[in-house]
Amino acid sequence: MALFDFFRKKKASAQDGVPLEQSSYDIAYFILPQYVFSQLDRLIDQCVNTPTAAGPFFYVMARQARETEPDIEAAKQFSWHSGSFGETHKYLLLEYPVPPAVDMGEADPISMLGSGNKMVLAPHFWDDSTVPGT
């Protein structure tokens with residue numbers, strides 16, 4: 001270890017204990033609801049006027065909440081989209097990174113609980129392309 005290596009920031013990685021799926025979950029269920037109910041005007045302004053910065057902003061907030069270093073490349077995977085349903089309804093949508101597939105078809109739920117391994121299932125919302133037969 002060189003003299004100044006201590007001061008260099010460590011790059012975030014899966015080894016830091018917080019997978020990207022956990023950050024997605026934190027944003028969806030903790031960070032965003034707080035903004036929606038306490039700072040809605042700021043949220044709308046940020047997402048409409050700076051959509052490319054707003055996605056990474058919420059990722060960084062989630063990482064800070066867990067006291068871990070954000071990964072710049074991971075942050076770029078969060079992006080905001082906006083649109084409207086007709087003339088009267090507008091929406092904002094946060095696109096999350098696509099999580100890796102999790103196959104639990106052959107897994108025994110009891111042994112999974114007893115193993116002590118933690119698995120985070122990222123937030124996922126169905127659309128017609130993911131539902132068989134539609």
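The listed residues are Phe57, Phe85, and the only one of them that is hydrophobic (A, V, I, L, M, F, W, C) and either surrounded by 12 or more Cβ atoms within 10 Å (Cβ to Cβ) or closer than 15 Å to Ala28 by Cβ (or both) turns out to be Phe57. Restricting region 88-101 to residues that are exposed (fewer than 12 other Cβ atoms within 10 Å of the Cβ) and part of a loop (DSSP other than H, G, I, E, B), which is nearest to the chain's Cα centre (by Cα)? Only one residue tops the list, namely Val98.
Where a number appears in this text, it was derived from the coordinates with a stated rule and is not lab data. Just so we're clear, the structure is a prediction, and the values are computed from it rather than from any experiment. Heads up, the Cβs are rebuilt from the backbone with ideal geometry, glycines too, and the neighbour counts pull from every protein chain shown.
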